[in-house]
1. Dipole magnitude of the stretch 1-79 about its Cα centre, charges +1 at Lys/Arg Cβ and -1 at Asp/Glu Cβ only, in debye to the nearest 20?
2. Net charge within 14 Å of residue 49 by Cβ-Cβ distance, Lys/Arg positive one each and Asp/Glu negative one each, not counting residue 49 itself?
3. Cα axis of helix 5-14 to longest principal axis of the chain: angle in degrees, 0 to 90, nearest 10?
4. For the chain, set up a GNM with springs between Cα atoms under 10 Å and report which of 13, 76, 43 has the largest fluctuation.
5. Pull out the extension gain between residue 141 and residue 47, defined as 0.36 nm times the separation in residues minus the alpha carbon to alpha carbon distance; nm, one decimal.
6. Using modelled amide H (1.01 Å from N, peptide plane; none on Pro or chain starts), what sits under 5 Å from the amide H of residue 72, excluding residues fewer than 5 places away?
7. How far is it, in nm, from the label point at residue 97 to the one at residue 27 when both lie 7 Å from their Cα along the line to the Cβ?
8. Just to be sure I understand the model, the point goes 7 Å from the Cα along the line to the Cβ. What's the resulting residue 20 to residue 114 distance in nm?
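Read the figures in this text as sums done on the coordinates, not as results from a lab. Just so it is clear, the structure is predicted and the values come from calculations on it, not from any experiment. Don't worry about glycine lacking a Cβ; one is built from the backbone with ideal geometry, like all the others, and counts go over all protein chains shown.
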Amino acid sequence: MAENFDDIAANFAFLDDWEDRYRYVIELGKEMPGLDESQRLPATKVEGCASQVWLVPHVEGSGPGARIRFEGDSDALIVRGLIAVLRALYNGHSATEIAGIDAQAKLAELGLDQHLSAQRSNGLRAMIGRIRAIAKQAEEAAA
């Protein structure tokens with residue numbers, strides 16, 4: 001499966017049917033390691049999602065150059081897949097780089113903006129907001 005966002009975009013372009021694209025996103029989620037129950041805490045839960053969603057950040061360093069990775073999980077397969085897409089988009093970038101990523105535009109390249117329900121779109125925005133908040137917090141931390 002895809003390891004980075006460009007691979008995912010290329011695979012999306014190859015798939016003509018939206019059912020195939022949904023299956024692909026679900027497959028990405030299935031391949032992603034889940035979280036241990038001990039990581040499913042109120043502090044890691046993302047509010048604003050219809051499904052249960054947890055994002056666990058890993059920040060290396062501090063200040064604008066802090067590198068951020070995250071793990072995530074959800075009780076909904078399609079949402080697990082969306083987390084996998086966001087991991088491909090954000091993982092390994094610096095706090096400053098994350099602030100500059102236009103996630104809405106990148107996800108629009110995949111057509112996700114037009115093919116997700118309003119609830120899923122709201123949840124996706126909430127996840128992006130959480131990731132950006134983690135990056136901002138890391139960026140503002142003393143180096």
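1. Charge dipole of the stretch 1-79: 340 debye, to the nearest 20.
2. +3
3. Its long axis makes an angle of about 10 degrees.
4. Of 13, 76, 43, the Gaussian network model singles out 43 as fluctuating most.
5. Here the segment from residue 141 to residue 47 would lengthen by 31.4 nm.
6. 56
7. Here the modelled spin labels are 2.7 nm apart.
8. Label-label distance for residue 20 and residue 114, simple model: 1.7 nm.
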